[in-house]
1. What angle, in degrees between 0 and 90 and rounded to the nearest 10, separates the Cα long axis of helix B:189-204 from the longest principal axis of the Cα atoms of chain B?
2. I'd like the accessible area for B:D156: 1.4 Å probe, protein heavy atoms, all chains in place, Å² to the nearest 10.
3. Quick check for me: using +1 on Lys/Arg Cβ and -1 on Asp/Glu Cβ, what's the dipole size of the protein assembly as shown about its Cα centre, in debye to the nearest 20?
4. Once you've got the Cα coordinates, tell me which of B:K58/B:K215; B:K274/B:K430; B:K274/B:K322; B:K162/B:K190; B:K33/B:K423; B:K274/B:K446 are over 22 Å apart.
5. Quick one: helix A:184-194 against the long Cα principal axis of chain A, what's the angle to the nearest 10°, folded into 0 to 90?
6. Could you report chain A's accessible area per residue, 1.4 Å probe, as an integer in Å²?
7. Over the alpha-carbon set of the stretch B:106-173, divide Rg by the Kirkwood Rh and report the Rg/Rh ratio to two decimals.
8. I need the shape label for the stretch A:2-329. Rule: rounded when a/c is under 1.5, else prolate if a/b > b/c, else oblate, with a, b, c from the alpha carbon gyration tensor.
Amino acid sequence: MKRLLTSRETMLSGAILLLLALTASRFPGFIAPANLVAVFTDTSPLLILALGQTVVILTRCIDLSVAANLALSGMVCAMLNAAMPGIPVALILALAVLLGAVMGAINGALVWKLAIPPIVVTLGTMTIYRGIIFLISDGAWVNAHEMSAAFTGLPRARILGLPVLAWFGIASALLIWLMVTRTPLGRAFYAVGGNPHAAVYTGIDVGRTQFWAFTISGALAGLAGYLWVARYSVAYVDIAGGFELEVVAACVIGGISIAGGAGTILGTILGALFLGIIKNALPVVDVSPFWQMAISGAAIIIAVTLNTRSARAKGRIILRRAQAAQTEGAPA
Amino acid sequence: MQPSIASRDYAPQTADVPVLALSGITKSFPGVKALDGVSLELFPGQVTALIGENGAGKSTIVKTLTGIYQPDAGEIRVAGKPVRFASAQDAARAGITAIHQETVLFDELTVAENIFIGHAPRGRFGMIDWAEMRRRARDILARIDAELDPDTPLRDLGIASKHLVAIARALSVDARVVVMDEPTAALSHKEIEELYELVDRLKSEGRAILFISHKFDEIFRIADRYTVFRDGAHVGSGLMADVDEADLVRMMVGRDVDQIFPDRVKSPGEEVLKVVGYAHPTEFDDIGFSLRRGEILGVYGLVGAGRSEVMQALFGITRPSKGAVKIDGAIKVIRSPADAVANGIVYVPEDRGKQGAVIGMPIFQNVTLPSLSQTSHRGFLRLAEEFALARRYTERLDLRAAALDQDVGNLSGGNQQKVVIAKWLATQPKVIILDEPTKGIDIGSKAAVHAFMAELAAEGLAVIMVSSEIPEVLGMSDRVIVMREGLIAAELEGDALTPETLVRHAAGIGEDRP
């Protein structure tokens, strides 16, 4: 019970509720269901990328190329739609996911086969992917009037009152949660990040596991690429510039240990929601965007401090009463 | 210039007054008493050899007399005066320097900088006087006949030259006690001879030398005195002239039987593993042995003899350059640990923290990690089956834990070891390799591991036990392979299995050096 109360997820939920309550006290309309749906929808791209990033961070890596991947996938979708409006949106969507997965797989292969540190690999591919957007688009924008109605309409279409964009966020979260908690690959992510040496001795191929993590992260970035471009009805070189850092921030706030091997999907969801709510709530209560950045930054530092504190060794259990207390505290 | 320690007080002393004397030194670590009231005396102008098995307390005493560890009890006297070393700096100031196995020097600095680091000659305004430093470095290097340029970066030098730099450093502070911890371990034959000459020169200058080595030939070549430790206790010391190899071996290993090993009915079955002509370019060569069901094969040797390296190759972590493995009579190629596990070979590594358990993961997930194909269905894990599997094997090992979803990190060392073993048993292997299975765990857990090993063998599992503890090797093994310098030195069985034969083959006593 104590463990449940002091868990990262509970504390973060509390912080989110507090944030909502404070905002509501100044502007009650913020917590109207329709507005909450809008906030969640607005946060969905961040959530989708953060889910992919979580998987990568769990394996003790980092993917800085997600925003560039998103932008390139989005640009390819937009240009394809502009050139051939007849192609069904479902096909474009599948292409976006595939293209993103290929870009993620390139990151993964470089980390796996050449053993280059992930931060260096993705810093490089981040620049390359942005460069490719410029090459294929000549730096030109693809604007709303060049896109088909079906293309831009999908993220906004409503199913059961929720926009499709939000549904994609929910579906991705469910899928990644299922994979992480219920498949051998998901278990391997934790093992590889938690103790790479032990993973090797267990017969887990560390490089291959990291490769799959990057591929999944890339696929989600590709999906987010189409959704982003269709939602805002515009594609250009610099969309989602610097967004990768917000994605990493969501993971860190959600309690995903940057050292790998620790964290939950629920944490990531809450971390993304926390940032999304701050972004949407502060303008409503008339706080300047610069405060927004400061508050997000403070949240990151607080989250990391809490992580380090909980990770710090509590000392060995030598006292009998400490042993007894622990046994009582543990769930049966 | 600072007055050197030499000019202060050691010149007039005679050879029978110890320059450094430790007495009644006791040092405990959680769960282990590393040193129990030991004494050690070092005399000016003499080489004292410190002899003992792995874990006898040699490195602990070195760390104590160089100020890295502070003893719980006991006294250290320098030239008759009691001292306390609160830090390594204190010991260095008292004229004690150590040359370690892996030399503690700075690769990116030059030879001269390494010699004078921490006490570089200063010129005007407290700036380092480079010209003076080079000149003095050249003087010291000339004194030990080392043909080294003071401006060479250290990373360009080989191990032998680095030792020379370390010795030059000891001379630059005018050390009166020089500790050499297995200095010849990585040297060639010629370099070893040069080192011996240098030791003779240090002796003639009146310095006291503590020489730690596993090699009996070199102990008899250069030492004047000996001190033998066993299990953290002092068992004897005296003049080398009064003893022979057999005496020293007896002191090293002759212990009371303080551990009781399980009785085993030895009934080896058919051959399950055969290794033929295994070789690696740098680690081992010509390794061949066979293993039967229900057998415990001990693998003994000094640290660094290549035992773990062979096992890692067998498990697919490294690739051998030559050789073959037969499992149940069929030749198998093992390219990765996953191949090894699939072929029924599992490896419980020595360093549990680093290579064994995944800290931060619950117990049950650690246990089922290599068996997920068993507990999953159509690509999805089944938690209930995982719990059942984990419970089955942890109960067999009598694991004491509040709950199976508790973090492994909260368990004691012995219980973590049980989790790692349970993990491997759950894969239902044919061959289990245990690398130092009882290193660093308490007596009670040791007995449990031994009993369990016997039980596994009785059930028909073939066990390879790599161990540096002689009683364990003798008490548990049906057969023992002794490795030395990457080769199999002997395969012993029955009456040939004695502490003396193990130590002789491991240290190469009575054989010519290649």
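1. Roughly 40 degrees between the two axes.
2. Looks like 100 Å² after rounding.
3. Details: 78 positive and 83 negative charges, 626 e Å.
Dipole size: approximately 3000 debye.
4. Table pairs above 22 Å Cα-Cα are B:K33/B:K423; B:K274/B:K446.
5. The angle comes out at about 60 degrees.
6. Here the per-residue accessible area is 46 Å².
7. 0.95
8. Numbers: a/c = 2.07, a/b = 1.28, b/c = 1.61.
Oblate shape, in that a/c is at least 1.5 and b/c is the bigger or equal ratio.
The values are calculated or read from the model by the stated rules, or taken from the named source; none is laboratory data. No experiment lies behind these values; they were computed from the predicted model shown. Backbone-built Cβ (ideal geometry, glycine too); neighbour counts: all protein chains shown. Areas reflect the complete protein model, heavy atoms only, side chains present, ligands, DNA and RNA absent. Shrake-Rupley method; radii C 1.70, N 1.55, O 1.52, S 1.80 Å.
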